[in-house]
Amino acid sequence: FKAPSGDHPALYRDLLRTNRVHWIAEEPPAELVREKMMECHFRFRHQMALVPCVLTLNQDGSVWVTLVKPAKAITPGQFAVFYKGDECLGSGKILRMGPSVYTLQQGKNREESPKKEEIDKIEPAT
């Protein structure tokens, strides 16, 4: 898929799944075990800014990562690295991604916007 522009919504996603996460200090963090979810930050490229996210722990040790704001160009095979403040918590390889912002927008548009013919039936032109 080649997006028409570098900022096309098809390049942005806000959900991804990793393989089993390699945790550094705690295996996995107590908060994540207790609450089954945990707020933290993540990045998937070395120099990129940290992105706020919520981790949801799966039975197999993998996590779903829900981003507060969609991020661009996430790719399976990259590593998601998780942080709490300055502390690196651990990382996992990105296996799967949720639908792109573009796909989600297409779905919303289909659900919300009635076709022009339907609108004409409801509101006769004057």
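The values are calculated or read from the model by the stated rules, or taken from the named source; none is laboratory data. All of these numbers come straight from a predicted model, not from anything done at the bench. Every residue, glycine among them, receives a Cβ derived from its backbone with ideal geometry; neighbour counts consider all protein chains shown. Ligands, DNA and RNA are stripped out before the accessible areas are found, and what is left, the full protein with its side chains, is counted by its heavy atoms. Shrake-Rupley method; radii C 1.70, N 1.55, O 1.52, S 1.80 Å.
At-a-glance table
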| quantity | calculated |
| --- | --- |
| Count - residues of region 21-61 that are among the basic types (K, R) and part of a loop (DSSP other than H, G, I, E, B) | 2 |
| Count of residues meeting criterion [among the β-branched types (V, I, T) and open to solvent by 60 Å² or more (accessible area, probe 1.4 Å)] in region 73-88 | 1 |
| Residues that are in contact with a Lys or Arg (Cβ under 8 Å, 6 or more places away or on another chain) and either modelled with pLDDT of 95 or more or part of a strand (DSSP E or B) (or both), drawn from region 62-79 | S62, V63, W64, V65, L67, P70, A71, P76, G77, Q78, F79 |
| Filter result (more than 20 Å from E27 (Cα to Cα) and open to solvent by 40 Å² or more (accessible area, probe 1.4 Å)) within region 52-72 | P52, T66, V68, K69, P70, K72 |
| Qualifying positions in region 16-46 - of a type in the set (A, V, I, L, M, F, W, C) and either under 12 Å from V81 (Cα atoms) or open to solvent by 50 Å² or more (accessible area, probe 1.4 Å) (or both) | V21, W23, I24, A25, V33, M37, C40, F42, F44 |
